Structure formats: structure tokens, C-alpha cells
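One structure is given here, and the rest of the page talks about it.
The values are calculated or read from the model by the stated rules, or taken from the named source; none is laboratory data. These figures come from a predicted structure and were not determined experimentally. FYI the Cβ positions are ideal-geometry reconstructions off the backbone, even for glycines, and counts take in every protein chain you see. These accessible areas exclude ligands, DNA and RNA; they are computed on the full protein's heavy atoms, side chains included. Shrake-Rupley method; radii C 1.70, N 1.55, O 1.52, S 1.80 Å.
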Amino acid sequence: MATDTPIRIGVMGCAEIARKVSRAIHLAPNATIAAVASRSLEKAKSFASSNGYPESTKIHGSYESILEDPEVDALYVPLPTSLHVEWAIRAAEKGKHILLEKPVAMNVAEFDKIVAACEANGVQIMDGTMWVHNPRTAKLKEFLSDSDRFGELKTVQSCFSFAGDEDFLKNDIRVKPGLDGLGALGDAGWYAIRATLLANNFELPNTVTAFPGAVLNEAGVILSCGASLTWEDGRTATIYCSFLANLTMEITAIGTNGTLRVHDFIIPFQETQASFTTSTKAWFNELVTAWVNPPSEHTVKTELPQEACMVREFARLVGEIKNKGAKPDGFWPSISRKTQLVVDAVKESVDKNYEQISLSGR
């Protein structure tokens, strides 16, 4: 049987992250770059040539123009967060499937409007959280759901920090209230929150409380913050995100029988493989001078970089809808929404002087 033709993806906006995702579209076996758009034709042209786009790529000098392109099945949207609600809705209304950069919106009310437009037009939406598509992540989930090796989850800690230089802290869109106004919380915190939700099988916490000491810039954008999350049965989590601390990206999940640790969960140390450590029923020797059953390391190889795995999965879902009349997969917007809800709750807690925010019934 002949394979279906590749899904034609348009790149809507020439942000820095679009370079990495453009490469991922090239590498994904079932996708191709069909078009690129910028608000300036010159910028779109130079972006296409510097990123090795195929000769056949259509160059659009406006976002409106790429929406009208009949040879584009889906759009990758790396626009600033404040523009997501307008352009994602317009894309859905034109029947384009959407791979949307994170955070998906400035708040969950905006994201709900985007999802409603996607549902009304039968289009797939997925956010651009790459690490969940790494083959390692499936192995992490396997360990976490193993009642013998891991047991019942008790607590998760996750953090993502990097030290932005002076130029970043002054000029990057992630520190500008009108562009990516969620700052470090929307950018780095998104990942830490997604990790804690994944470990908790995407069950929302009951309460979210930001830790005192969040750092905001003069414009009121969060540069660094942390929070605690609690669940009804006593599970807890902490998250930390910062533009002001050394590059660190960790998950520690502790269960009744086992512990999982990941030191590079967002961007693996190496592109072609990723590791994690587990320990089960660890204890001390008789003299309590060393461990019995110390942690062991596991390495998972990947043929494609994780961002290409993401594009491949997105294109697969779009292909099912386009060629077989399948329904869009609701799992992806549902986990985007839950991540956004927790982001919103952390921000609300910071804004309300670190008050505890209840998520019951949201």
C-alpha cells in the first residue's frame, strides 16, 4: 500500500524556536514544510533560505495570506502568547490543524476559545511541549505506573531554570507584558508543571500555593517563582522556574516503593539518547554506611530528535483526520488546558500575596 502523502505544514512566524521546529519538520518522515509567513515578505524569504527550506516552499508576507493557502494542511504557530487567541482561532476557522507553541494562551479562558474553534471546525490542536514525545517519556510513565517497582506516588519535585543574560532580561519577548506576559512561569514553569501533572496521571491538584519570594521585573512580569501543589489523598508537588538561576531541569518522583530521577527532562544532554535513574526498595547496609539496591541508570535511544517525534505524531493525527475521517484526539488539548490552569493558579497566588488557590471544579 502506498504511504499517504506527507502533511503540508506552514510555519506562521519566524521566531527563534521556529528554526528548531523547521528542522524537525524536515526530519519527520510524514511531514513537509509547505509555506512560511512573516509580517514582512523579506523576513520570510531570508528565514526560508537560512533554514534550508525546499525550493517549493511558498513565501507569505502576511499571516492572513498563509491562512488562505489551500496547499497548507496545518500550521505551526510560534507567535508571542498574546497573539495566540486571535491567530489560532482564525487558523481553526480556515480548517488548518494547529501545532501551538507553549504557553498556549495568556489564561485558560483564552485557551477555551481556541479549543472551541478547533472543535467547531474539526481540527487537531497540540501544544509544542517536545519532551513528552521523547521515547524516554514512555519509559518514565511505565516505571511510574509499575505498582511493584514504584508503588503509589507520594511527591514530585520539578524545576526548570536558566540564567538569562542582561540582554535577555531586558529585551526578550518573555519579559515583556504585552508579548509573553507570563514570563518565566509561562515559559519555564510550563515544563515543570507538565512534569508534575504527568507523574500524577494528569489529575489536577486541589490547591496551588505560590511560595513567597517570587521575583518580578519592573513591568510586573515573573522572572522567578515556585509553588506547592496538593491533591486530595495527600500527594504533593513542588515546582520552581527561573530566568535567574543556573541551567537545571529536573524531575524527582518518589513512590512508596521506588524513586525516579531525571536530570535533563526538557532537552536531553544528548540528542540521540536520554537517560533516567530509578531505585526500588533501596535501603542501608547493616552498619548504615552504604546503600543496598542503589539507583540504576537506564538509557533510551531515539532515532529522531524529540521535536521530530512531536511533529511526526502531530502529522500522524492530522493524516488520520484528513485521509480517514478520524476525529481529532482530545488528549492533547486536555493536557494543555490542565497545564494552563495550574499556570493561571500560580500566577493568581503570586498576585494575591501568595494566597492558596483552589482548583476544585475548574
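Can you tell me which residues in region 62-96 are surrounded by fewer than 23 Cβ atoms within 10 Å (Cβ to Cβ), under 24 Å from the mean Cα position of the chain (by Cα), of a type in the set (Gly, Ala, Ser) and not in a loop (DSSP other than H, G, I, E, B)? Answer for region 62-96, where residues must be surrounded by fewer than 23 Cβ atoms within 10 Å (Cβ to Cβ), under 24 Å from the mean Cα position of the chain (by Cα), of a type in the set (Gly, Ala, Ser) and not in a loop (DSSP other than H, G, I, E, B): just Ser82. Taken over region 48-59, the criterion of being within 25 Å of Leu179 (Cβ to Cβ) and either open to solvent by 20 Å² or more (accessible area, probe 1.4 Å) or of a type in the set (Ser, Thr, Tyr) (or both) is satisfied by Ser50, Asn51, Ile59. Can you find a residue that is assigned to a helix (DSSP H, G or I) and more than 25 Å from the chain's Cα centre (by Cα) anywhere in region 24-39? Taking every residue of region 24-39 in turn, none turns out to be assigned to a helix (DSSP H, G or I) and more than 25 Å from the chain's Cα centre (by Cα). Scanning region 311-347 for residues that are touching a residue at least 24 places away in the same chain (Cβ under 8 Å) and either charged (D, E, K, R) or part of a loop (DSSP other than H, G, I, E, B) (or both) yields Arg312, Glu313, Arg316, Lys322, Lys327, Pro328, Asp329, Arg337, Lys338, Asp344, Lys347. On the basis of being assigned by the TED database to the domain that holds Leu216 and either open to solvent by less than 50 Å² (accessible area, probe 1.4 Å) or closer than 23 Å to Arg316 by Cα (or both), does Leu99 make the cut? When the stated conditions are applied, Leu99 does not pass them. Scanning region 28-44 for residues being modelled with pLDDT of 95 or more and surrounded by fewer than 16 Cβ atoms within 10 Å (Cβ to Cβ) gives a total of 1.
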